[in-house]
Amino acid sequence: MRPSEAVRQIEHVIDATTTDGGRRCAAGYRPAFERVHAAGTGADVADLAAELGEEVRDGGRPDPADAGRVADELLGVATDGGE
């Protein structure tokens, strides 16, 4: 999955579950999708979209920093200072 496809997928999930406006909200996740795409695979991008989509369907609204942390976890990047 390409980052642009992932952003569109999240837009649709947001539009279907809230009135926040998916296009506006999902655009904030683009950097995380692009980073995962650059460092991982299309499957990793799809996994990130699935995790963010699940959180949105459950009523949450992850901010871009949250999306970045999920991206780091998917890529196996140490987010605790390397400990």
Residue within the stretch 32-52 that is at pLDDT below 90, surrounded by 13 or more Cβ atoms within 10 Å (Cβ to Cβ) and either in contact with a Lys or Arg (Cβ under 8 Å, 6 or more places away or on another chain) or among the aliphatic types (A, V, I, L, M) (or both) present: no
Any pair with Cβ under 6 angstrom, 6 or more apart, that starts in the stretch 58-73 at a residue that is within 13 Å of residue 25 (Cα to Cα) and open to solvent by 20 Å² or more (accessible area, probe 1.4 Å) and ends at one that is at pLDDT below 90 and in a helix (DSSP H, G or I): 64/28
Count of the stretch 40-74 residues which are not β-branched (Val, Ile, Thr) and not in a helix (DSSP H, G or I): 7
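The values are calculated or read from the model by the stated rules, or taken from the named source; none is laboratory data. These numbers come from a predicted model, not from an experiment. Cβ coordinates were reconstructed from backbone atoms using ideal geometry, including for glycine residues, and neighbour counts include every protein chain displayed. To get the accessible areas, we keep the full protein, side chains included, count just its heavy atoms, and leave off ligands, DNA and RNA. Shrake-Rupley method; radii C 1.70, N 1.55, O 1.52, S 1.80 Å.
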